[in-house]
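The values are calculated or read from the model by the stated rules, or taken from the named source; none is laboratory data. On a predicted model such as this, the values are computed, not experimentally measured, just so you know. Ideal geometry is used to build each Cβ from the backbone, glycine not excepted, and the neighbour counts take in all protein chains shown.
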Amino acid sequence: MLNDFNLAETWNSVWGILGPVIVVVIILYFYFPEKFERILTHILKLVAYFSKQAERKVISKEVEHIISTPFAKELGISEVPRVVIEWGAAEDAILNLKENLLLIVLREGSKYRHENIARALFRTIPYLLSPQVKTIYDQKFVDILSAHLARSFARDYPPVVDAINDFIKTEIEKDENLSKLASMLVEIDDQSLLTRILIPELVKVAGQRYPHRDPAIDQEVLDLTEMLYKLVRSEEQKPVLCGKYFRLMVVRVARPEKIISGMLEPHVKFVKHSLDNCPTTESIYIVAAGRNINAAEALKLLLLNELGKTGIKLRITREQKYTAVYRDKPHVKVYVCGIEIERIEQTLTK
């Protein structure tokens, strides 16, 4: 009886100390799951120095947190898969769509956690964009694109960014073309055309081509990248690509006075002429900045009306206004409207 009393007294003492802590933890878990995850990750970091299993858990949680950032949402990544880290002889990644799980295998024995997180991001990003991307495009291009995106994802993790930069430096030192490509991606991304035009096109075409990879597609990817690079530098006057796989045009509205009635006609003629030269065109992107945005929105409505009369139906897939670098000026409001082309089979009536 005395033992029971002592046990109850001990329990009451322990609960008096730990009870409030447990209640706070439960509240954090249900009402602030992200903050709870961050606290748990910090605790695991301490344990990780003594446990390989905890180290894997830490990398998994860090990667999940990094790929759930607002930047990731710009790419249309709405659902983050559960990341599982395993140690193995060779680095790899396997996506299980049914269980929404991404298994990433890293080489055991790596000394630095941030390098492991960087490697995990390299393996993760192609699957987040589209499971088909890694199969359809040149592996070096996918690696450079993934490294660039990983750097943006991990912008709040300087040690991880440093590890990614080391990877990029190591890779581009071997290949002058890769160095040029990495620089072009940076400038395209400055105006956010990477996430609004380049990546949507890459994902769309990869889905269309999968599972068959044609090496000829690599040159078209470079052509598209160079076209967007020249566009953001105001060097490309007629940004049209009519290839076997990528068929699109970009209309940059550059003068606010074009909103005046009739002054948008040159843009409409450009679109119609481009469609005549490339009847298989699939996408039109309207781009504008600052005071030109009103004119761009007016052009969108005009195209919907004018092309509809010719049996071409336009479907707006994305329309966004955001802040970006424009002609070396920071914090400029930019507008991008993505339009898909659907040709209507017309029937003649007597």
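If we scan the range 185-205, do we find a residue that is farther than 21 Å from LEU149 by Cα and either touching a strand residue (DSSP E or B) at 6+ places or on another chain (Cβ under 6 Å) or surrounded by fewer than 17 Cβ atoms within 10 Å (Cβ to Cβ) (or both)? Outline the logic, then answer.
Narrowing the range 185-205 to residues farther than 21 Å from LEU149 by Cα: none.
No - not one qualifying residue is present in the range 185-205.
Given (1) modelled with pLDDT under 85; (2) under 22 Å from ILE172 (Cα atoms); (3) aromatic (Phe, Trp, Tyr), identify the lone condition not met by TYR137.
(1)
Quick check on this structure: which one of ALA72, ALA93 is modelled with pLDDT under 85, within 17 Å of the chain's Cα centre (by Cα) and closer than 30 Å to ASP223 by Cβ? Even if it seems obvious, please write down each step before you answer.
Numbers: ALA93 fails: within 17 Å of the chain's Cα centre (by Cα).
Unique residue meeting the criteria: ALA72.
Among strands (runs of 3 or more DSSP E) lying entirely in the range 234-350, which contain 2 or more residues that are at pLDDT below 90?
Numbers: elements: 240-242, 247-253, 283-289, 312-326, 329-343.
It comes to 312-326, 329-343.
Given the conditions (1) at pLDDT below 95; (2) within 23 Å of LEU299 (Cα to Cα); (3) not aromatic (Phe, Trp, Tyr), which single one is not true for LEU178?
Unmet condition: (2).
Scanning the range 35-68 for residues that are in contact with a Leu (Cβ under 6 Å, 6 or more places away or on another chain) and among the hydrophobic types (A, V, I, L, M, F, W, C), which turns out modelled with the highest pLDDT?
Result: VAL58.
Check PRO126, PRO158 and return the single one that is surrounded by fewer than 21 Cβ atoms within 10 Å (Cβ to Cβ), without any contact (Cβ under 8 Å) to a residue 60 or more places away in the chain and of a type outside the set (Phe, Trp, Tyr). Explain how you work it out, then say what you get.
Working: PRO126 fails: surrounded by fewer than 21 Cβ atoms within 10 Å (Cβ to Cβ).
From the options PRO126, PRO158, the qualifying one is PRO158.
Being surrounded by fewer than 16 Cβ atoms within 10 Å (Cβ to Cβ), within 30 Å of ARG213 (Cα to Cα) and of a type in the set (Asp, Glu) narrows it down to one residue among GLU86, GLU74, GLU108; which is it? Don't jump to the end; show me each part of the working.
Values: GLU74 fails: surrounded by fewer than 16 Cβ atoms within 10 Å (Cβ to Cβ); GLU108 fails: within 30 Å of ARG213 (Cα to Cα).
Answer to the check: GLU86.
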